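The values are calculated or read from the model by the stated rules, or taken from the named source; none is laboratory data. Nothing here was measured: the structure is a model prediction, and the numbers come from that model. Note that we place each Cβ from the backbone using ideal geometry, even for glycine, and neighbour counts take in every protein chain shown. Note: areas computed on protein heavy atoms with side chains; ligands, DNA, RNA excluded. Shrake-Rupley method; radii C 1.70, N 1.55, O 1.52, S 1.80 Å.
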Amino acid sequence: MLKNKISLKLTFGVVLPILLVIVIFAYFNIQSENRSLFTEVVRHANQLSDHLKADMGYDMLHHDRGRIRDGIMRMGGQESLDGIRVFNKSGEIIYSSEPSQVGQLVDKTAETCFRCHAAGDPLERLDMQQRTRIYRPVPDSPRLL
């Protein structure tokens, strides 16, 4: 009987601390993996953005509106992208993968625009950390980057 109590105490004395260490390690490991995956997603989104700017830049210099429109429709139609919009300095959408948006003005207080327009005059450049965020356009929608 006494031997049973000692083995039970010894088991709990060893198993519980080990279990606690495993749980703490798992928590920090999951947090680290989440940060790493987010960094990779941001990097790939930035690469896609740079590719689009380079690809469309040439066509914009040559005023080839058909190629610009076709490229935006082709790229914006991908399942992993919510859409692509190009707007001018006054905030009018001039190209979009959603044709109904062309000609509309963007809301400068919207989640996607407020960082650049918070101070009144728009900022020329934001570093990648400042221009990257995850948000939901409407409360029950999936998250967007």
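Which of the numbered conditions does Lys9 fail, given that it passes all the others? Conditions: (1) surrounded by 10 or more Cβ atoms within 10 Å (Cβ to Cβ); (2) outside any helix (DSSP H, G or I); (3) not small (Gly, Ala, Ser).
The single condition Lys9 does not satisfy is (2).
Looking only at region 74-98, filter to residues that are touching a strand residue (DSSP E or B) at 6+ places or on another chain (Cβ under 9 Å) and aliphatic (A, V, I, L, M); which one of those is nearest to Ile134 (Cα to Cα)? Reasoning before the result, please.
Let us first name the residues in region 74-98 that are touching a strand residue (DSSP E or B) at 6+ places or on another chain (Cβ under 9 Å), namely 76, 82-88, 90-98.
Now drop any that are not aliphatic (A, V, I, L, M), which leaves 84, 86, 93-94.
Values: Ile84: 16, Val86: 20, Ile93: 22, Ile94: 25 Å.
Checked region 74-98; the qualifying residue nearest to Ile134 (Cα to Cα) is Ile84.
Need the failing condition index for Ala26 against (1) farther than 28 Å from Ile134 by Cα; (2) open to solvent by less than 80 Å² (accessible area, probe 1.4 Å), just the number.
(1)
Kindly indicate the residue of region 50-91 that is among the aliphatic types (A, V, I, L, M) and assigned to a loop (DSSP other than H, G, I, E, B) and also most open to solvent (accessible area, probe 1.4 Å) among those meeting that condition.
Applying the filter and picking the extreme gives Leu81.
Test Gln47 against the stated conditions and say whether it is open to solvent by less than 100 Å² (accessible area, probe 1.4 Å), within 19 Å of Leu144 (Cβ to Cβ) and of a type in the set (S, T, N, Q). If you could, list the steps in order and put the result at the bottom.
Working: open to solvent by less than 100 Å² (accessible area, probe 1.4 Å): yes; within 19 Å of Leu144 (Cβ to Cβ): yes; of a type in the set (S, T, N, Q): yes.
Yes.
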